[in-house]
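Have a look at the structure below before the remarks.
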Amino acid sequence: MKKIINTDNAPAAVGPYSQGIETNDLVFTSGQLPMIPGTTKFVEGGIKEQTRKSLENVEAVFNEAGLDLSDALKATVFLDNMDNFADFNEVYKEFFPNNPPARSCVEVSKLPLGAKVEIEMIGKKK
């Protein structure tokens, strides 16, 4: 059975999709942009600030489903410029100091609304 996850603590969807989906004991987040919840604005700053906000938004969706980031199994990361990889990683490891999830990270030509980063995750309930 599929359950839609929705929280005011993460940005509202900017298209026809759900913030997250729970099925059985798995939670899938949609790609989270560095938007400030309740607005259509990005957090101010560069890749580090945008990475932090995107991860906080992923965490908010997880929290709504009863998970935290320690429950993350897989992350998919989209960067608009792979030259930002080191700065991205610096912030990412703050959120996953031990036992980080499996991860893919790719450069894309463009992200929605001009974001520098978008992050989606899969988590598992304990």
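Couple of notes before you dig in:
- Under the convention that each Lys and Arg Cβ holds +1 and each Asp and Glu Cβ holds -1, the size of the dipole of region 1-122 around its Cα centre is about 240 debye.
- The antiparallel fraction among DSSP beta bridges confined to the chain stands at about 75%.
- Annotation for region 29-61 versus region 76-99: alpha-carbon center distance of 13 Å.
- Seen from SER30, the other residues with C-beta closer than 11 Å to its C-beta sum to a net charge of -2, counting Lys and Arg as +1 and Asp and Glu as -1.
- Selection among VAL27, PHE96, PHE85 by position relative to the dipole of region 2-124 gives VAL27 as farthest towards the positive end (Cβ unit charges, Cα centre).
- Calculated Rg and Dmax of the Cα atoms in Å (choose from (i) 18.1, 68; (ii) 13.5, 41; (iii) 18.2, 73), label: (ii)
- Label-point separation in nm, LYS124 to LYS41, each point 7 Å along Cα→Cβ: 4.1 nm
- Taking every alpha-carbon pair under 8 Å whose residues sit at least 6 apart, the chain reaches a relative contact order of 31 percent.
- Loop-located trypsin sites (Lys or Arg not before Pro) in region 68-122 (DSSP state other than H, G, I, E, B) with a sparse environment of at most 11 neighbouring Cβ atoms within 10 Å: LYS110.
- Restraint check, LYS3/LYS53; LYS93/LYS126; LYS2/LYS126; LYS2/LYS110, Cα-Cα greater than 27 Å: LYS2/LYS110
- Residues of region 46-78 with amide N under 14 Å of the 7 Å Cα→Cβ point at ASP87: 46-53
- In terms of surrounding Cβ atoms within a 10 Å radius of their Cβ, MET82, MET121, MET1, MET35 rank from fewest to most as MET1, MET82, MET35, MET121.
Taken together, the values in this text are just the output of simple stated rules run on the coordinates, not laboratory data. Values in this document were obtained by computation on a predicted structure and should not be read as measured data. Positions of Cβ are generated from backbone atoms using ideal geometry, with glycine treated the same way; all protein chains shown enter the neighbour counts.
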